[in-house]
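Have a look at the structure below before the remarks.
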């Protein structure tokens, strides 16, 4: 899995809250870091959860995650979350995400997200779709 | 601070998620444990957050916490959360709460909670008030 | 994926801490629930994280998770986590896990865990292996 | 409570993980934000938890928190955590902390922290003390 430089990146510092008694970062913390990464990916494309929710009644829900943990992180580490759109079709937005520390890959994941309205998965609104595609096209040209 | 036997108690097991790299339970985890304790206290009196929210538009928000940490907890500990109503006046419900392991006090707190409707603190609905008082009267007689 | 009745089950109540602003249970909360389920599975077989850590220098780390979210949970739901050993070979213990609410499947996952000593994955100690096998043999006969 | 401009500040974005089903930021999330703030305060003075732990066997534990919640935060909010040393004596370091959104105070807290070595509270090491005092003296002159 290669994530190009044009993808979104987010720096994440490891705090007490992210660790567990084994001395390492708790495995579920990576899902929180990756969710932050997807949120910033969306924000870069002009979308915020609050506006989507209050104006369009849209929230996102994770449909599936396939994550591999490759190396541990510890307190005070500065991590980077890399987020790339892998595809968007029907109701599903597919992301590829990495958590790295410098050159070391700590975790990699495929995450499928669906748009929800009134409690049901709905097709991704065309406006989102278009902005996603435009952003990806720009990335591809870069 | 003495919490009588008639108060609600909730057993809480310490898991990986509750600990941090120092090997102890993370300080904010106790606030989660106490919130669980208040939720069970409410449930025993016939109230559930979901019903209050969907039927009455009521949610609760914490207004203030004064917590002292007396001794540490570690992974696998079985803790007990004790919850007692200290008073309910206007919009504010005041709780006294303890987290203990056997005879050892680990944390004690005063927690003020307010009822919120449409984003604003509101007087505690009479129905809640009456059930709270009835429950306390029964406790006092026991 | 079928998880037999003999597998470990753990009841989990949904609290404020588990939900997010979408009104549903946050996706990473299921990983916490499942970790609780694996901990109780271990405890039933005679192992506790604290003793393993202090006596044998062993802690567990999650190596991979493949989780599918099938239906949402909300505040006050009473969930059940079902945990079954799918295999244990070399350093890796493979679990199959379900989160259900009554008859409804909310999430299902395959989780690979490794035993760690001095920061490195090690073969699962024979003592654990034997107790796991005994437990599984008993399940198979039941 | 006034926190001078010289104190440490940390920007914190509100993500899904920080909110609850009421639509607001969960009350215990503020304790996580403030712990991040104290960690950055320490880092600015040349200390990191990892080095303190591995080189000096020192970890920190929260002894007490008095927090008031003044206004709610919601998803996507950009918050600022302000952290000021209020005093350091014996084993206890006292902080005053604020969480603000622009000009609006959302939460304010007094947090007492102790240094722990081998499971016991110990006097704050002189080296920490001196660096804290130097930093405060510089703040006072500024």
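Taken together, the values in this text are just the output of simple stated rules run on the coordinates, not laboratory data. Note that the structure is a prediction, hence the values are computed from the model and not measured. A quick note on method: Cβ atoms are made from the backbone with ideal geometry, for glycine too, and the neighbour counts reach across all protein chains shown.
Sort D:69-77, D:23-31 by packing, meaning the average of other beta carbons within 10 Å per residue, with the highest value first. Working shown, then result.
Values: D:69-77: 18.9, D:23-31: 25.0.
Descending mean neighbour count gives D:23-31, D:69-77.
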Helix-only mean residue ellipticity at 222 nm for the protein assembly as shown, each DSSP H run of n ≥ 4 adding -39500 (n - 2.57), per residue, nearest 500:
-9500 deg cm²/dmol
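For peptide C:62-71, how many partner chain Cβ atoms fall within 10 Å of a residue's Cβ, on average? The partial results should precede the final answer.
Numbers: counts 9, 5, 8, 10, 6, 7, 6, 7, 2, 0.
Other-chain Cβ atoms within 10 Å of each residue's Cβ, averaged: 6.
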Hey, for residue B:11 with labels 7 Å out along Cα-Cβ, what do the inter-copy distances come to in nm, ordered shortest first?
1.1, 4.7, 4.8
Between residue D:103 and residue A:50, what's the calculated FRET efficiency when r is the beta-carbon distance and R0 is 22 Å? Round to 0.05.
0.65
Mind telling me which of A:36, A:101, A:126 comes out most flexible in a GNM of chain A, alpha-carbon contacts under 10 Å?
A:126
Can you give me the angle between helix C:27-44 and the longest principal axis of chain C, using Cα atoms only, in degrees from 0 to 90, rounded to the nearest 10?
40 degrees
Place the label 7 angstrom along Cα→C-beta at residue D:90 and in each other copy, then list the distances from the first to the rest in nm, shortest first.
3.5, 5.5, 6.5
May I have the pair-distance distribution P(r) for segment A:8-141, computed from all Cα-Cα distances with 5 Å bins from 0 and rounded to whole percent?
2, 10, 19, 22, 18, 13, 9, 6, 1, 0
Segment A:8-141, relative contact order in percent, only Cα pairs under 8 angstrom and at least six apart counted:
26 percent
Sorted shortest first, the nm distances from the residue D:134 label point (7 Å along Cα→Cβ) to its counterparts in the other copies are 5.3, 6.0, 6.7
Calculate the length of the line joining the C-alpha centroid of segment A:83-127 to that of segment A:6-20, in whole Å.
18 Å
Using the alpha-carbon atoms, what tilt in degrees (0 to 90, nearest 10) does helix A:126-141 show relative to the longest principal axis of chain A?
60 degrees
Taking 7 Å along the Cα-to-C-beta vector as the label spot, tell me the residue B:11-residue D:121 distance in nanometres, rounded to one decimal.
3.2 nm
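Quick check: from the Cα gyration tensor, does the protein assembly as shown come out rounded (a/c under 1.5), prolate or oblate?
Working: a/c = 1.14, a/b = 1.10, b/c = 1.03.
Rounded, since a/c falls under 1.5.
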